[in-house]
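The values are calculated or read from the model by the stated rules, or taken from the named source; none is laboratory data. All values derive from a computational prediction rather than experimental measurement. Positions of Cβ are backbone-derived with ideal geometry, glycine not excepted, and every protein chain shown enters the neighbour counts.
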């Protein structure tokens, strides 16, 4: 057995472990299961845990980091040398072939192919094995051969994330209160890698949860990129997702879409909104780009509505400029914010008084909220003018729905931005004054 680490901390995942347990093993049939999900979701940890607890049922258990064809071949060569050290002097192709033939002639073994980047890389190997068991981890959601049974791994349950964070901090000699742990886990979207990174940082630096959240808000690029002393750079959340976007870099559109989606709420973004984000690329190209992001688990697509959802931490990283990351250059982040504003403005229905448009309005209002709030710290005059139009239009719907506090807050912000950029006498500014006065009148506040 060559599992890479002996896990000291593991929480939850009962359903996923049960799914791995449930695979039927028939003589003469290779069992192949693929655990896929967003980078940092805990795929390798899950498989390592399951393998460690079933080590008495498989001989041998062999772990291969299979992120390229060359890495897969190297892992098979190492298996041969482990089984038959006397063969070590043979050429690598011969050693690889010996390993495949040995696996084909034996059963009872468990082969773990970790971090497979392309299902095609393992197709030949899987096709040659009549028995045994293979567990695959990958960020790829699609493209698996029919013989492979996939499972999408999601984030931890809130209580599990809190338990993991508390255990990491306690193990490092620190203390964290349950309310603070819960608040931090919500901010991290219950993503295991992010929880581990934060917990280790808190334990090492004795930083409080409040200070960590402040640092996350004020210095996001550094906090997403850097872990505690000794953490490998590639095991921080920013680096994990950079590797994924590197795999999509043959086409700039997926990266542009992700950066734009990062400015919306971490909930369903309707197709009527996201299909405007192509910047003239055309609907087929945009749909393909969204599909590619989904194929790498960077977002999920509702099969019924085609709405997309991006994990809140993926959004936070994607909208944070970092000159050292080719996918998060400052100018590209600004361009994405502008594209998000234009698309959202375009997606707004024309008539807020038409009841048939109300479901669309209600779906879009949370995205207006997040776009405007996330832009405040970075807003240019161009942002303020464009978003003032967005706020003004949305406020009319909110007024019509009787949501006066929300509408007045929007109108006050729109008026302040128009006064700052356009001046007091501009027609748009005067329109905002009139709309705000009307809102106050509706609220019975004539002062």
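At a glance:
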{"quantity": "Among the residues listed as 122, 112, the single one being touching a helix residue (DSSP H, G or I) at 6+ places or on another chain (Cβ under 9 Å), outside any strand (DSSP E or B) and on the phi < 0 side of the Ramachandran plot", "calculated": "122"}
{"quantity": "All positions within segment 38-51 that are closer than 16 Å to residue 300 by Cβ and surrounded by 24 or more Cβ atoms within 10 Å (Cβ to Cβ)", "calculated": "38, 40, 41, 43"}
{"quantity": "Considering residues of segment 58-72 that are part of a helix (DSSP H, G or I) and touching a residue at least 24 places away in the same chain (Cβ under 8 Å) only, the residue surrounded by the fewest Cβ atoms within 10 Å (Cβ to Cβ)", "calculated": "69"}
{"quantity": "Complete set of residues in segment 334-351 that are surrounded by fewer than 16 Cβ atoms within 10 Å (Cβ to Cβ) and either part of a loop (DSSP other than H, G, I, E, B) or in contact with a helix residue (DSSP H, G or I) (Cβ under 6 Å, 6 or more places away or on another chain) (or both)", "calculated": "350, 351"}
{"quantity": "Output for segment 102-131, where each listed residue is surrounded by 13 or more Cβ atoms within 10 Å (Cβ to Cβ) and farther than 29 Å from residue 247 by Cα", "calculated": "102, 103, 104, 106, 107, 109, 130, 131"}
{"quantity": "Subset of segment 297-333 that is buried (at least 21 other Cβ atoms within 10 Å of the Cβ) and touching a strand residue (DSSP E or B) at 6+ places or on another chain (Cβ under 9 Å) - its residue that is nearest to residue 213 (Cα to Cα)", "calculated": "311"}
{"quantity": "Helices (runs of 4 or more DSSP H) contained entirely in segment 157-273, each with at least 3 residues that are modelled with pLDDT of 85 or more and over 18 Å from the mean Cα position of the chain (by Cα)", "calculated": "158-171, 178-187, 192-205, 209-218"}
{"quantity": "Count - residues of segment 24-37 that are outside any strand (DSSP E or B) and surrounded by 19 or more Cβ atoms within 10 Å (Cβ to Cβ)", "calculated": "2"}
{"quantity": "Which listed residue, of 35, 30, is farther than 30 Å from residue 164 by Cβ and either touching a residue at least 12 places away in the same chain (Cβ under 8 Å) or under 34 Å from the mean Cα position of the chain (by Cα) (or both)", "calculated": "30"}
{"quantity": "Residues satisfying the stated conditions in segment 352-377, i.e. part of a helix (DSSP H, G or I) and in contact with a helix residue (DSSP H, G or I) (Cβ under 7 Å, 6 or more places away or on another chain)", "calculated": "360, 361, 364, 365, 367, 368, 371, 372, 375"}
{"quantity": "Criterion: within 22 Å of residue 274 (Cβ to Cβ), surrounded by 15 or more Cβ atoms within 10 Å (Cβ to Cβ) and free of Cβ contacts under 8 Å to residues at least 12 places away in the same chain - qualifying residue of 357, 375", "calculated": "357"}
{"quantity": "The listed residue being more than 28 Å from the chain's Cα centre (by Cα) and over 24 Å from residue 268 (Cβ atoms), out of 393, 388, 379", "calculated": "388"}
{"quantity": "Test: residue in segment 409-423 that is without any contact (Cβ under 8 Å) to a residue 12 or more places away in the chain, in a helix (DSSP H, G or I), under 36 Å from the mean Cα position of the chain (by Cα) and within 24 Å of residue 266 (Cα to Cα)", "calculated": "yes"}
